[in-house]
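Have a look at the structure below before the remarks.
Please treat every number below as a calculation from the coordinates, not as lab data. Keep in mind the model is a prediction, meaning the values are calculated, not measured. FYI the Cβ positions are ideal-geometry reconstructions off the backbone, even for glycines, and counts take in every protein chain you see.
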Amino acid sequence: MIPITRLALGDEEVAAAARVVRSGWLMNGPQTEEFERLTAQYVGAQHAIAVSSCTTALHLGLVAAGVGAGDEVICPSFSFIATANAIRLAGATPVFVDIDRHTYNIDPELIEPAVTQRTKAIMPVSQIGLPADLQAVLDIATRRGLVVVEDAAPSLGAEIGGKRLGTISDITCFSFDARKILTTGEGGMLTTADDKVAARLRRLRAHAASVSTADRDRANGVILETYDEVGYNYKITDMQSAIGVVQIRKIEQIVAERRRLAARYDNLLADDDRVETPYEPLGYRHVYQSYCVRLRGDRSQEDIMSAMMAQGVATRRIFSIHHQPAYASLVTPELPETDEAAARTMLLPLFAGLTDEEQDAVVTALRQCL
């Protein structure tokens, strides 16, 4: 079986995690601080705050943005369910708008008509490794007095005009689960340029304690913390962070390999008019967390995915959140591009370590199944 992903982990990551275990300090501490420092340095952000997952990052970002009960947050429906779940966790209501046909990201022209007196934030998703049109989103947010909390879960390392995600939106959230560009098994990171927001995020991830456990441990005297608001237990561990430290030091190699493989897929599929390959706008850097093809013809997405599985090739899809039972009660306008993309796109295996022979086999299977 050729999997949808394969972990790019080795002896260096094993040794890093083992050192943490032997150190006796397993919770977020020195390795988490180093992981945050290196991530902030890599993307060019003022602050990076590590947490237990991207879902918790999105939730904290919304809380820090002042989103709460009765508010609305505009987002795309063509995304993983966590995008909308985080909005619900903050007590707000997701307002779904349609996507651009080529990028699969939120269509900025449809955002402003969806703004109401209850709108508090916009949550664009930089989907599959490609940045959303963030400048257009930020322009709307500035005019309307809204906060932009970006779901960049699959897009660490992606760029617009040479500027990396993590420095463009008010708050940006990344994921480090097993299928992402960088993995710590599970985990997430928020980046922001706002000093006060960053300080609050650090408190909120650890029950809103006024002083972190690491700072109390380093202190020469007794420090008694206080809890000035209700917080969360969203901490990452130092074992995860140690793996992240190793991974972020080689992230450009990982991104370069993903881009090479994506270009090779492009070439292999260039003469097949039954498949539409991914689009990369001029000036954007796509990091290809997934290689998303649009299927043409009469055969259904599910049929092709099942046929490829029978040939030993794993695939995945992205769905419409508003059609999931958990969100069926929301009143949502017609989203034709979202529904079309959910029904006609498919993700092919792509990961650092995918061999040319495996990639050839994926394309052969796809052609046969089409």
>> Suppose the chain between GLU229 and GLU334 were pulled fully straight at 0.36 nm per residue; how much longer would it get relative to their current alpha carbon spacing?
In response: 33.8 nm
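In Å, the Kirkwood hydrodynamic radius of segment 251-369 over pairs of distinct alpha carbons? Walk me through the numbers before you get to the answer.
Values: mean 1/r = 0.0640 Å⁻¹.
It works out to 15.6 Å.
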>> No solvent, one uniform scatterer per C-alpha: report log10 I(q)/I(0) for segment 206-280 via the Debye equation at q = 0.15, 0.23 1/Å, two decimals.
In response: -0.74, -1.05
> Given q = 0.19 Å⁻¹, what are the Debye log10 I(q)/I(0) values for segment 117-224, with equal point scatterers placed on the Cα positions and solvent ignored?
Replying inline: -1.00
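Among DSSP beta bridges whose residues both lie in segment 1-122, state the antiparallel percentage, nearest 5.
Just about 10 percent of them are antiparallel.
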> When N counts the residues of the chain, how does its alpha-carbon radius of gyration compare numerically with 2.2 N^0.38 Å, as a ratio?
Replying inline: 1.00
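When CYS75, CYS369 are ordered from fewest to most other Cβ atoms inside 10 Å of their Cβ, what list results? Provide the component values of the computation, followed by the final result.
Working: CYS75 27, CYS369 19.
Listing CYS75, CYS369 from fewest to most nearby Cβ atoms yields CYS369, CYS75.
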>> How charged is the neighbourhood of ALA50? Take every other residue with its Cβ under 11 Å from the Cβ of ALA50, and add Lys/Arg as +1 and Asp/Glu as -1.
In response: 0
> Separation of segment 227-263 and segment 74-90 by C-alpha centroid, Å?
Replying inline: 21
>> At a 10 Å Cβ-Cβ cut-off, how would you order TYR104, TYR279, TYR234, fewest neighbours first?
In response: TYR279, TYR234, TYR104
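State the three equivalent ellipsoid semi-axes of segment 91-167, derived from the C-alpha gyration tensor as the square roots of 5 times its eigenvalues, in descending order and whole Å.
Numbers: eigenvalues 85, 35, 28 Å².
Working from the Cα gyration tensor, I get semi-axes of 21, 13, 12 Å.
For LYS163 and ARG37, FRET efficiency with R0 = 22 Å and r from the beta-carbon atoms, rounded to 0.05?
Details: r = 20 Å, r/R0 = 0.90.
After rounding to 0.05, the efficiency reads 0.65.
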>> Once each part is reduced to its C-alpha centroid, what is the distance from segment 265-286 to segment 167-204 in angstrom?
In response: 30
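Before rounding to the nearest 500, sum -39500 (n - 2.57) across all DSSP H runs of length at least 4 in the chain and divide by the residue total; then give [θ] at 222 nm in deg cm²/dmol.
Numbers: 12 runs with 136 residues, N = 370.
The per-residue figure over the chain is -11000 deg cm²/dmol.
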> In whole Å, what is the distance between the alpha-carbon centres of segment 130-156 and segment 352-370?
Replying inline: 35
